[in-house]
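Please read the structure below before turning to the comments.
The values are calculated or read from the model by the stated rules, or taken from the named source; none is laboratory data. Here the structure is a predicted model, which means the values were calculated and not measured. With ideal geometry, Cβ positions are generated from the backbone for all residues, glycine too; neighbour counts draw on all protein chains shown. Note: areas computed on protein heavy atoms with side chains; ligands, DNA, RNA excluded. Shrake-Rupley method; radii C 1.70, N 1.55, O 1.52, S 1.80 Å.
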Amino acid sequence: MKEVLIGSILSALSTGLGALPILFIQHLLTHKWRDILLAFTAGVMTAAATMSLIPESLQTGGLFPLTIGLLLGTLALTLLERNIPHINLEHQKTGIQFDEKAFLIVAAITLHNIPEGLSVGVSYASDADNTGNLIALAIGLQNAPEGLLVALFLVQQKMHRFKAFIIATLTGTVEIVAGLLGFYLTSFFDSLVSYGLAFAAGAMLYIIYKELIPESHGDGNEQTSTHSFIIGVLSMILLINLF
C-alpha cells in the first residue's frame with residue numbers, strides 16, 4: 001500500500017515537475033527538443049509495456065487474459081479519444097474563447113491521465129519485483145513534458161505563470177486516485193491482475209502509437225526523434241535488467 005501510494009504520487013507530481021520551468025522562462029523548448037523528449041518517452045513506454053507488463057500478464061494468466069486486457073485497454077483509450085479528442089497544444093485555432101479553450105485542455109489532459117494512473121496501480125499489485133516502480137517511472141517520464149506543454153499553453157493564453165503551473169500540476173493528481181483504485185481492485189481480485197497488466201499495456205501502446213510517435217514526427221525531426229526513441233527503449237531495458 002505504501003509503495004503504490006508513493007509511486008502514484010511521484011508519477012503524478014512529475015507533471016508539476018515538468019511544468020516547473022514555466023515559472024522562470026516561457027519559451028524553453030524548441031520544436032526539436034520537444035520532439036526528442038516525446039520520442040524518448042515513447043521508447044521508454046514501449047519497452048515497459050512489451051518487456052515488463054505483457055510478459056508478466058502472460059506469466060500470471062496466459063494468452064486469454066492478455067488478449068482481453070490488451071483489447072480492453074485499447075478500447076478504453078479509443079472511447080476516451082472519441083469523446084475527449086486529443087488537442088494539439090501548439091497548433092490551436094483561435095476561434096474558441098480563452099475560458100472554454102483552457103477548460104478543454106485541462107479536461108482532456110486530466111481524463112487522459114486516468115488510464116495511466118490505473119497502469120501504475122495495477123503494476124504494483126503484481127507479484128513481480130519492481131514492476132510497479134518501473135511503470136511509475138515510465139508514466140512519470142511521459143507526464144513531465146506533458147505538464148510543461150500544458151503550462152506553456154496556459155501562459156500563452158495570458159494566464160499568470162504561477163496559476164498555470166498549479167493547474168498543470170493538478171492535471172496529474174487524478175493519477176493518484178486512479179492508481180489506488182487499480183491497486184485495490186487487482187489486490188482484492190487476484191484473477192484481475194493479469195487482465196489489469198494487459199489493460200495497462202494496451203493503454204500505453206495506444207498512447208505511444210496514437211499520440212507520442214505522431215507528435216514527435218510532426219515538425220521535420222523524424223530522424224532525430226527515431227534515434228531518441230531507440231535510446232528510450234534501451235534505457236528502459238537497462239533499468240529492467242538492473243532492477
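Taken together, the residues in the stretch 198-243 that are part of a helix (DSSP H, G or I), more than 15 Å from the chain's Cα centre (by Cα) and among the acidic types (Asp, Glu) amount to 1. Among the residues of the stretch 160-203, those identified as hydroxyl-bearing (Ser, Thr, Tyr) and surrounded by fewer than 20 Cβ atoms within 10 Å (Cβ to Cβ) are THR173, TYR184, SER187, SER191. Every condition in (1) over 15 Å from GLY16 (Cβ atoms); (2) modelled with pLDDT of 85 or more; (3) not β-branched (Val, Ile, Thr) holds for PHE189 except the one numbered (2). Considering the stretch 17-55, the residues that are open to solvent by 20 Å² or more (accessible area, probe 1.4 Å), farther than 30 Å from VAL193 by Cβ and not aliphatic (A, V, I, L, M) include one that is modelled with the lowest pLDDT, namely GLN26. Check whether at least one residue in the stretch 214-222 is modelled with pLDDT under 85, open to solvent by 40 Å² or more (accessible area, probe 1.4 Å) and at positive phi, and report yes or no. The answer is yes; a qualifying residue exists. If the condition is being surrounded by fewer than 18 Cβ atoms within 10 Å (Cβ to Cβ) and more than 20 Å from the chain's Cα centre (by Cα), then the stretch 56-79 contributes LEU58, GLN59, GLY62, LEU63, PHE64, THR67, ILE68.
Is it true that some residue in the stretch 151-159 is out of contact with any strand residue (DSSP E or B) (no Cβ under 9 Å at 6 or more places or on another chain), at pLDDT 80 or above, surrounded by 24 or more Cβ atoms within 10 Å (Cβ to Cβ) and in a helix (DSSP H, G or I)? Yes, because at least one residue in the stretch 151-159 is out of contact with any strand residue (DSSP E or B) (no Cβ under 9 Å at 6 or more places or on another chain), at pLDDT 80 or above, surrounded by 24 or more Cβ atoms within 10 Å (Cβ to Cβ) and in a helix (DSSP H, G or I).
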